[in-house]
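Everything on this sheet refers to the single structure shown next.
Each reported figure results from applying straightforward, stated rules to the coordinates on display, with no laboratory input. Source: prediction; values computed, not measured. Every residue, glycine among them, receives a Cβ derived from its backbone with ideal geometry; neighbour counts consider all protein chains shown.
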Amino acid sequence: METPYFLFKPKILVQNYLEFENLCQRCFPSFKICYSVKTNSFSGVIKTLTKLGSSFEVASLNEMKLVPKKFVVFNGPCKTEEELKIAIKNKFLINVDSKSEINKIYNLARGNNLEIGLRVSFKESKFGFDEKQLIDMVDYAVSKNLSVSCIHFHQGTQMNLSEYKANLDKLSIFIYFLDKKGIKLKYIDIGGGFPDKVQLKNLSLNLENYFNAINQYLSKFNLTIILEPGRNLVCDAFELITQVNVIKENFGRTYAVLDAGINLLPKITLSTYKFSKLNKENLNPKNKTSQRGEYILAGPLLFSNDILGKFFGNLKEGDLIKIENVGAYCYNLAWELSYKKPRIVAEKN
Ligand SMILES: Cc1ncc(COP(=O)(O)O)c(C=O)c1O
């Protein structure tokens, strides 16, 4: 098969989703799982999750077109009128990011009452409202006949537990304050940020630790918890298969140049990729053309930082390398630089 290509493993996605959902059922009396479409918007992922009953979180018109129009959360700082119109028509939960957006929704809703969410940030960022603004924004929304039914707070990605807890603590104090002010919410949308399996293992943690933290800080409010997982569901459900096209030596080092590099595996995904050789080593010493040693795995781009990692073992030109843990952000962030985005092939059940 022509390389490079992504291999989608639906069974793993199903297993990850069911594990996530079972844990939600055990921990939260009321919850909604809204998969973050931006993490990997391959149609096979959306179809598999739809069959399993997942809801979705979208951030653009493009993403809206990919998901069934049931309970959908619409996030983002740059919503257009066209997107807002579709979101209003299909009763998406719009997590409002700015005062300008409130005005647009008011105009588009023509004064009709709508439920909205508001995004809060506890540290400086381009997202949502700071705490003080948000209190005023609730009143402003009400003056525009919009009821605030949700507070949205997304912490970041690959969150470690202590930071996650510290943020939940701030969120719980904030929601307590809103409650005392008579602002009655239906939902707390805690966004995504749950680490992938590899990262959880590295941190010696599991999902339950994160869900227990959510309960510790938020269960007292008796609200529906919205979760927007991305990488935790898809990261290990994809592999990338790439070929060693060139073995070369210079400056005392040996390079294996692959047909996939940082164009497909950018560092900003924050995933830890795992490399292994797909084809078995030919054990007949007469046929042995590969050499045991340390290889620098380089990509094909004409950029000197196009380096993926190291490989210890035997490699020769034509060998196939399997790269694991590439399901989150790699495909959606892939650059079409010199090369096209690769195909995604789904593994048969
Ligand atoms: C608002 C929002 N929700 C959910 C996610 C998914 O995050 P993760 O893949 O870390 O679960 C993101 C990622 O950027 C996000 O911005």
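Summary of values
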| item | result |
| --- | --- |
| Degrees separating the helix 207-218 axis from the principal Cα axis of the chain, which is the longest one | 20 |
| Packing-based exposure ordering (other Cβ within 10 Å, fewest first) of D259, D97 | D259, D97 |
| Added length on full extension, which subtracts the Cα-Cα distance from 0.36 nm per residue, Q15 to Q216 | 69.7 nm |
| Distance in nm between pseudo-label sites at N112 and E317 (7 Å out along the Cβ direction from Cα) | 6.6 |
| Between helix 10-27 and the chain: long-axis angle, C-alpha atoms, 0 to 90°, nearest 10 | 40 |
| Between 0 and 90°, nearest 10: helix 161-180 axis offset from the chain longest Cα axis | 10 |
| FRET efficiency, L301 to V345 (Cβ-Cβ, R0 30 Å, nearest 0.05) | 0.85 |
| Rg/Rg_ref, the range 10-234, where Rg_ref = 2.2 N^0.38 Å and atoms are Cα | 0.98 |
| The chain, helix-only ellipticity at 222 nm - DSSP H runs n ≥ 4, -39,500 (n - 2.57), divided by all residues, nearest 500 | -9500 deg cm²/dmol |
| Lys, Arg +1 and Asp, Glu -1 on Cβ, resulting dipole of the range 236-346 about Cα centre, debye, nearest 20 | 260 |
| Inter-centroid distance (Cα atoms) of the range 138-199 relative to the range 289-349, Å | 38 |
| Charge-dipole axis of the chain as Lys and Arg at +1 and Asp and Glu at -1 on Cβ define it, positive-most pick from Y176, I12, F74 | I12 |
| For the range 53-178, alpha-carbon Rg over 2.2 N^0.38 Å | 1.06 |
| Contour minus Cα-Cα distance for N250 and K184 (0.36 nm per residue) | 17.1 nm |
